[in-house]
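The values are calculated or read from the model by the stated rules, or taken from the named source; none is laboratory data. Just so it is clear, the structure is predicted and the values come from calculations on it, not from any experiment. For neighbour counting, all protein chains shown are included, and Cβ atoms are generated from backbone atoms with ideal geometry for every residue, glycine included. These accessible areas exclude ligands, DNA and RNA; they are computed on the full protein's heavy atoms, side chains included. Shrake-Rupley method; radii C 1.70, N 1.55, O 1.52, S 1.80 Å.
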Amino acid sequence: MYASREDIGYDFGEDSKVGSKPTKPNPNIDGGWAWMIVLSSFLVHILIMGSQMALGILNMEWLEEFNQSRGLTAWVSSLSMGITLIVGPFIGLFINMCGCRMTAIIGGVLNALGWILSAYASNVHYLFLTFGVTAGIGSGMVYLPAVVMVGQYFQKRRALAQGLSTTGTGFGTFLMTALLKYLCTEFGWRNAMFIQGAISLNLCVCGALMRPLSPKDPREKYVVRSDSEENRTKALSHSTETIKSNGVLGEEPEKKEEAANEEVLGSVQHIEIGGKSGSGRSMYGLRLFKTVSQLTVTVRKGFALWYSSYFGAASLFTNRVFVAFIIWALFAYSSFVIPFIHLPEIVKQYNLSRQDNVFPLTSIIAIVHIFGKVILGIISDLPCISTWNVFLMANFTLVICILTLPLMQTYVGLAVVCALIGFSSGYFSLMPVVTEDLVGTKHLANAYGIIICANGISALFGPPFAGWIYDITQKYDFSFYIAGLLYMVGIIFLLIQPCIEKKQPREKSTEEAQ
């Protein structure tokens, strides 16, 4: 069905490929700085996913402030959640060109800017641009690197590491719900968003912690740098083979481009070494030209690798199980997001505000969600347990809870269902592991970008659709029923496609035997 984690090779950088000697295992894999990466990813989930899951508090404030329909107002929250995930494939391009650290730092600045500008909103449409688009893009630029870096730093305990880091969503939802309630009560929702924007600047610190993997021995770095010409030639030739195998560029154009790049960089380096006696101004110009040339080569190479992953002959879309995984993601995430946005309003309709103020239902989901991620991560790491089976069972439980939620009209009943939703939605910690099992470590950034893009589309249309159904029927029941049924369709795709994949090799072997 898909390769196991043990069968997948791990690629920790070009230096290990271009050298003639095999590199020793990096001490930071499964230990050392890897746990700082988990901490960084944990904080990212608190500040981004946690605050987004607490947007139901601000949604009620916006309804009172702007007097718009529930369907229109819900677009603010859904745009922020959706764009955070939809930009995933394009963030993969940024990661290929400038790395996870720089991408995350820029994203942290954009996210904080979106929160701060939203404090001056005069209407809902203004929030669409500032909070939905600006803060959403910034969140996406931090979220994807946080997930990818954990996958790069862990081999044996990857599911547990992803589970620990993504528990930040649960902690963040619990903390941000209480924080936003307090800030809105004491200072008003505008000042609350301004303060939250200042807090979001800590995402830049989280991005700075995302140190790229480096060779174990410092002498290896020296060798790589001193033999830059040889390594550059081998790296570019390796890149050529990769791109050709993916069907992006033809053999002759790629060879010409590669030769041109080597000639430019080599000539600049030669002139720089031989021109030490030249004037400072001319040397500065040469260094500037060399920097621009190297940047151009990096951008071209990053774009070629990004393009080959999505549109090449060996693209990710040729993997049928992965395509089924994408279809599942298009329907799944909205079922998880809708309760967070609309539960505060549902509680108000059922006259359960007093009990909910003591212990909010969204906080119940968040707290149990923490345990769900850790426990499911530990279970899936057991050698006798299939991660795929754990993933499917959690999905089945979640879809049953979504279909059952409208039937509960007491606080105790809603609390039980919300607890089950929180635990079963812990499968989110398994998504990077399942994705990597399907496509391998090399394509994890781009593949997971596609998955969260599909989740983003689901989050984008889910809450407004639920609000639109309420505007028509004056009830949220049909919103949950329709979302649950669509979710079930996605799960069926996950079940059918692996069976087809298994059946086809058997048919081929039967034909060969005949």
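General observations
Per-residue answers, yes or no, for (1) outside the structural domain of W35 (by the TED database); (2) of a type in the set (S, T, Y); (3) buried (at least 18 other Cβ atoms within 10 Å of the Cβ); (4) touching a residue at least 24 places away in the same chain (Cβ under 8 Å):
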position: Q52; (1), (2), (3), (4): no, no, yes, yes
position: M60; (1), (2), (3), (4): no, no, no, yes
position: N67; (1), (2), (3), (4): no, no, no, no
position: F94; (1), (2), (3), (4): no, no, yes, yes
position: A112; (1), (2), (3), (4): no, no, yes, yes
position: G132; (1), (2), (3), (4): no, no, yes, yes
position: S139; (1), (2), (3), (4): no, yes, yes, yes
position: Y143; (1), (2), (3), (4): no, yes, yes, yes
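- Residue within region 438-459 that is under 26 Å from E345 (Cα atoms), open to solvent by 20 Å² or more (accessible area, probe 1.4 Å) and not acidic (D, E) present: yes
- Of everything listed in (1) part of a loop (DSSP other than H, G, I, E, B); (2) under 26 Å from V347 (Cβ atoms), the single unmet condition for I402 is (1).
- All positions within region 69-91 that are open to solvent by less than 20 Å² (accessible area, probe 1.4 Å), within 16 Å of H342 (Cα to Cα) and polar (S, T, N, Q): T73, S77, S78, S80
- Set F478, F396, F465: member being among the aromatic types (F, W, Y) and either touching an Asp or Glu at 6+ places or on another chain (Cβ under 9 Å) or crowded, with 18+ Cβ neighbours inside 10 Å (or both): F465
- Across region 353-366, the number of residues qualifying as surrounded by 18 or more Cβ atoms within 10 Å (Cβ to Cβ) and either in contact with a Phe, Trp or Tyr (Cβ under 7 Å, 6 or more places away or on another chain) or assigned to a helix (DSSP H, G or I) (or both) comes to 7.
- Selection count where residues are touching a helix residue (DSSP H, G or I) at 6+ places or on another chain (Cβ under 7 Å), farther than 24 Å from S386 by Cα and of a type outside the set (A, V, I, L, M, F, W, C), scope region 447-484: 13
- Residue match in region 426-436 (condition: open to solvent by 10 Å² or more (accessible area, probe 1.4 Å) and farther than 19 Å from S78 by Cα): no
- When F171, F154 are screened for being open to solvent by 10 Å² or more (accessible area, probe 1.4 Å), of a type in the set (A, V, I, L, M, F, W, C), in contact (Cβ under 8 Å) with a residue 60 or more places away in the chain and in the same structural domain as L63 (by the TED database), only F171 passes.
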